[in-house]
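Here, each number is a calculation from the coordinates, and none is a lab measurement. These numbers were taken from a predicted model, which means no experiment stands behind them. Note that each Cβ is placed from the backbone with ideal geometry, even for glycine, and that neighbours are counted across all protein chains shown.
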Amino acid sequence: MKQNNKSAGLGKYWKGDETVSKQVYTAKDISEILGVSESKSYQYIRQMNSELEEKGFLIARGRVPVAYFQERFFGIKAAGD
């Protein structure tokens, strides 16, 4: 049985018959995961993007990489780190 275009796992969604990992989260994604408002999610995104910029990474406004979000909020490092 398929779920409504998203699975319960972090960073996963359904595409056809397979589960595909997302590369970035939006404010809506973060608000659903953390149970906070989208406004608060945008604050978190701005803070994380600022940190990434200071480290020399390119950023996309309004989005944050899933791997960095998981590291900062849950202490989960991406595989291979």
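Here are the numbers for the structure shown:
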| item | result |
| --- | --- |
| Qualifying trypsin sites (Lys or Arg not before Pro) in segment 18-81, DSSP loop, other Cβ atoms within 10 Å at most 15 | Lys22, Lys55, Arg61, Lys77 |
| Cα gyration tensor category, rounded, prolate or oblate, for segment 21-63 with a/c compared to 1.5 | oblate |
| Loop-located chymotrypsin sites (Phe, Trp or Tyr not before Pro) in segment 25-72, at most 12 other Cβ atoms within 10 Å (DSSP) | Phe57 |
